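Here is the structure we will look at.
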Amino acid sequence: MTGRVLPFGPSSPIIQAPMAGGGSTPALAAAVSGAGGLGFLAAGYRTAEDVRREIAAVRERTDRPFGVNVFVPDFAAARREPGDDAALARYRDELAPEAERYGVTLPEAPAWDDDGWDAKIDVLVDERVPVAGFTFGCPPAEVTARLHDAGTVIVVMVNTPWEAVAAEEAGADAVVVQGTGAGGHQTAFLAPPPAWPSSWKAPDDLPELVGLVREATHVPLVAAGGIMDGADVAAVLAAGAVAAQLGTAFLRTPESGVHPVHKAALADPRFTRTAFTRAFSGRTARGLANRFMAEHEASAPAYYPQVHHLTKGLRRAAAEHGDPEAMALWCGRGYRRCRDLPAAALVGTLMKELATARV
């Protein structure tokens, strides 16, 4: 335990998940924080200056704590093996008819990048953000030290008990335990250590996963993945979490920045299930199963963020055409329970439901 005061816990257990790609907005983060939860901005796919402007926009709306989440680059992925270019080229060729369908030009050779890592860390330190979240890995010791010196609480997302141990050793003040039902990208960043079987799979039951992580680490836990109402929050708190992180539950709020086509798809009876795919980004993520996933999942190479850069124009054009069948409709398993409420009202409803569930 670090002894740092967390701006969330049993008395304020609702955290709005950072949703990169447009879902998270200053209005959403500020509304959640203002209602007694913890709102989050998503720095992924934003420039550092965009992140700085969004931080200022949150502070114009509320004086409550909030968080900013950053993607940790996989620097090993920058050293591509021979044949990687060929795999990406083959996938680009496969997507040529999609590009013609939507009237876009695919990039010739999408490259690896670190999503502006250094500049974004500088912004977090300069702005002394209350909470810094990290996805896809742990921040290095130098970054952890700078953020702690700035008074920032560090939270790392994990999928497994051993990733939680690594996050604790890296100086995380808390970890977000992401279950398999979560929408968007899975954070997975470490292979099982020798003490764990290589075939180990996380249980689908989120409270069970929280319990396993609770046995492995000592830092406070936040549970994430498929949490949609107060009863779901109560279940993960009973399993040992101090708070619950909800993303999909906030997708249909007016403050959410997801495209209207995406919001409509969440209630569209044509979409009957979610599935994991790497067809859109090269990294495993959960969203509404659609035509693009069905046709391209089998051949998409596991190269992130190169595949993300390859398909982002297609996804944007599909949205402009009002066609959800080629959009990355990220959401968790509980998407059918999304409520069309203002974010602050949703936080209040969740807290009332939690109180009822605890009785």
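The values are calculated or read from the model by the stated rules, or taken from the named source; none is laboratory data. Note that this is a predicted model, so its numbers are computed, not measured. With ideal geometry, Cβ positions are generated from the backbone for all residues, glycine too; neighbour counts draw on all protein chains shown.
Structure above, values below:
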{"quantity": "Odd one out for P192 among (1) under 19 Å from F136 (Cβ atoms); (2) assigned to a helix (DSSP H, G or I); (3) more than 20 Å from the chain's Cα centre (by Cα)", "calculated": "(2)"}
{"quantity": "Count of residues meeting criterion [of a type outside the set (A, V, I, L, M) and not in a loop (DSSP other than H, G, I, E, B)] in the range 198-229", "calculated": "5"}
{"quantity": "Qualifying positions in the range 322-338 - surrounded by fewer than 16 Cβ atoms within 10 Å (Cβ to Cβ) and either under 21 Å from G39 (Cβ atoms) or basic (K, R) (or both)", "calculated": "R336, R337"}
{"quantity": "Enumeration of residues in the range 172-219 that are closer than 16 Å to V236 by Cα, out of contact with any helix residue (DSSP H, G or I) (no Cβ under 6 Å at 6 or more places or on another chain) and not aliphatic (A, V, I, L, M)", "calculated": "Q178, T180, G181, D204, D205, E208, G211, R214, E215"}
{"quantity": "Matching option when the condition is small (G, A, S), out of contact with any Phe, Trp or Tyr (no Cβ under 9 Å at 6 or more places or on another chain), crowded, with 16+ Cβ neighbours inside 10 Å and modelled with pLDDT of 95 or more, among A298, A345, A319", "calculated": "A319"}
{"quantity": "The range 195-214, residues that are among the small types (G, A, S) and either within 19 Å of the chain's Cα centre (by Cα) or at positive phi (or both)", "calculated": "A202"}
{"quantity": "Flag if E163 is over 17 Å from R333 (Cβ atoms), acidic (D, E), within 19 Å of the chain's Cα centre (by Cα) and crowded, with 20+ Cβ neighbours inside 10 Å", "calculated": "yes"}
{"quantity": "Any hit, the range 219-230, residues being surrounded by fewer than 22 Cβ atoms within 10 Å (Cβ to Cβ), closer than 21 Å to T284 by Cα and not acidic (D, E)", "calculated": "no"}
{"quantity": "Options E100, E94, E127; residue that is acidic (D, E) and over 22 Å from G282 (Cα atoms)", "calculated": "E127"}
{"quantity": "Any chance Y45 is of a type outside the set (K, R) and over 29 Å from Q245 (Cα atoms)", "calculated": "no"}
{"quantity": "Counted residues, the range 63-87 - those being closer than 18 Å to P140 by Cβ and either at pLDDT below 95 or loosely packed, with under 11 Cβ neighbours inside 10 Å (or both)", "calculated": "6"}
{"quantity": "Residue list for the range 25-46, restricted to those being in a loop (DSSP other than H, G, I, E, B) and touching a strand residue (DSSP E or B) at 6+ places or on another chain (Cβ under 9 Å)", "calculated": "T25, A35, G36, G37, A43, G44, Y45"}
{"quantity": "Residue count for the range 157-194, restricted to those that are without any contact (Cβ under 8 Å) to a residue 40 or more places away in the chain and closer than 28 Å to L251 by Cα", "calculated": "1"}
{"quantity": "Hits in the range 1-24 (condition: part of a strand (DSSP E or B) and surrounded by fewer than 24 Cβ atoms within 10 Å (Cβ to Cβ))", "calculated": "G9, S12"}
{"quantity": "Test: residue in the range 106-122 that is of a type in the set (V, I, T), within 18 Å of T47 (Cα to Cα) and either buried (at least 22 other Cβ atoms within 10 Å of the Cβ) or in contact with a His (Cβ under 9 Å, 6 or more places away or on another chain) (or both)", "calculated": "no"}
{"quantity": "Residue match in the range 25-33 (condition: closer than 24 Å to H148 by Cβ, surrounded by 22 or more Cβ atoms within 10 Å (Cβ to Cβ) and touching a Pro at 6+ places or on another chain (Cβ under 7 Å))", "calculated": "yes"}
{"quantity": "Output for the range 241-295, where each listed residue is of a type in the set (F, W, Y) and either assigned to a strand (DSSP E or B) or crowded, with 24+ Cβ neighbours inside 10 Å (or both)", "calculated": "F250, F276, F280, F292"}
{"quantity": "Checklist (1) under 28 Å from F66 (Cβ atoms); (2) of a type in the set (A, V, I, L, M, F, W, C); (3) surrounded by fewer than 22 Cβ atoms within 10 Å (Cβ to Cβ) applied to L209, failing item", "calculated": "(3)"}
{"quantity": "Filtered residue count, the range 263-276, keeping only those that are out of contact with any helix residue (DSSP H, G or I) (no Cβ under 7 Å at 6 or more places or on another chain) and touching a residue at least 24 places away in the same chain (Cβ under 8 Å)", "calculated": "4"}
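Yes/no per residue for (1) of a type in the set (D, E); (2) over 23 Å from G39 (Cβ atoms); (3) at pLDDT 95 or above; (4) touching a Ser or Thr at 6+ places or on another chain (Cβ under 6 Å):
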position: K120; (1), (2), (3), (4): no, no, yes, no
position: A195; (1), (2), (3), (4): no, yes, no, no
position: V213; (1), (2), (3), (4): no, yes, yes, no
position: P220; (1), (2), (3), (4): no, no, yes, no
position: A224; (1), (2), (3), (4): no, no, yes, no
